[in-house]
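The values are calculated or read from the model by the stated rules, or taken from the named source; none is laboratory data. This one's a predicted model, so the numbers in the text were calculated from it and none came from an experiment. Cβ atoms come from the backbone with ideal geometry, glycine included; neighbour counts cover every protein chain shown.
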Ligand code: TYM
């Protein structure tokens, strides 16, 4: 079975971007592949979160993944910081990662712009740590949203560089999405991608109440409708259709598609329908996650068992990497 790795940072409540970019793929992939899914708590340290909040968020991300349908019996589910081999591989890969290429990464440049006072080395080497997460399991498929595409390209470069210099160890990892293109869910206000930290009123969280879901969708950006038949959809309208395709029936989608193409779409009606279908989608996840999140004993058992499995394979990779690099003495 092909090996799959993917992670989610423990920076807050998961939202629909996380669900449709990543988790939805995880749930299907667990039936087909050898999957390693983890909470990227090290990656969330770049912004120095309060330790108590960070702990809570790790439990939350695990609970929300399980509530969404991830089965800890089928996948290896763990917390990144429980796998010291990842940190060791990160150190080794850092020798092959150049300052210039790291500074050019668009996500790094964004962070520098947003917070020029906190440009730490962890932020600069973020893609190297990500590469270590993936290569330590020698994964070939990485289910992620569109925003991670460039990081994956760097991971392939680092893998090649290691293989060329020391001998083959790492297959190249590629981003993966069922369907075709990688997913990018936009914020409901039409400004950029949906994210954990952007405007809360334009992000649909997996723990939103039914009323919050309805209200946020009601306020989602629309306009006065298409002026010509069969015209192209603006981004923010396209986003509503994307969400509708994910949670509504094909007949519903087709109904509004046709209305759009004939210029008689009523966005109020569309948003009402989408709101109801979204409530039906999110409510069961919210309720399950709330229950699981309370059960720390259960979550602890899952993360310990996951860490044991992930470490077993990771340490094999490290012993081969050390051998190839000439640093195996003990
Ligand atoms: P993070 O925590 O920001 O997001 C987790 C996953 O959700 C996807 N995602 C989206 N997809 C579509 N539309 C959106 N608006 C949207 N917002 C988030 C992300 O693409 C991601 O798949 N660096 C990663 C975490 C990570 C990782 C890894 C991923 C660390 N190591 C190794 C894969 C492999 C991140 O910050 O994801």
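Brief remarks on what is shown
- Residues that are surrounded by fewer than 17 Cβ atoms within 10 Å (Cβ to Cβ) and under 28 Å from the mean Cα position of the chain (by Cα), drawn from the stretch 228-241: 233, 234, 235, 238
- Selection within the stretch 285-314 - under 15 Å from residue 66 (Cα atoms) and surrounded by fewer than 13 Cβ atoms within 10 Å (Cβ to Cβ): 287, 291, 294, 296, 297, 300, 301
- Within the stretch 118-134, the set of residues being within 10 Å of the ligand (Cβ to nearest atom) and either in contact with a strand residue (DSSP E or B) (Cβ under 9 Å, 6 or more places away or on another chain) or farther than 15 Å from residue 7 by Cα (or both) comprises 129, 130, 133, 134.
- Residues (assigned to a loop (DSSP other than H, G, I, E, B), modelled with pLDDT of 95 or more and touching a helix residue (DSSP H, G or I) at 6+ places or on another chain (Cβ under 7 Å)) located in the stretch 1-25: 10, 14
- So residue 194, is it under 25 Å from residue 107 (Cα atoms) and crowded, with 16+ Cβ neighbours inside 10 Å: yes
- On inspection, residue 39 qualifies as closer than 21 Å to residue 300 by Cβ and crowded, with 21+ Cβ neighbours inside 10 Å.
- Residue in the stretch 43-55 that is over 30 Å from residue 243 (Cβ atoms), near the ligand (Cβ under 10 Å from one of its atoms) and touching a residue at least 12 places away in the same chain (Cβ under 8 Å) present: no
- Any helices (runs of 4 or more DSSP H) falling wholly within the stretch 46-142 and containing at least 2 residues that are out of contact with any helix residue (DSSP H, G or I) (no Cβ under 9 Å at 6 or more places or on another chain) and surrounded by fewer than 23 Cβ atoms within 10 Å (Cβ to Cβ): 51-67, 106-114
- Qualifying residue in the stretch 158-173 (condition: within 23 Å of residue 108 (Cβ to Cβ), crowded, with 18+ Cβ neighbours inside 10 Å, touching a residue at least 12 places away in the same chain (Cβ under 8 Å) and within 16 Å of the chain's Cα centre (by Cα)): yes
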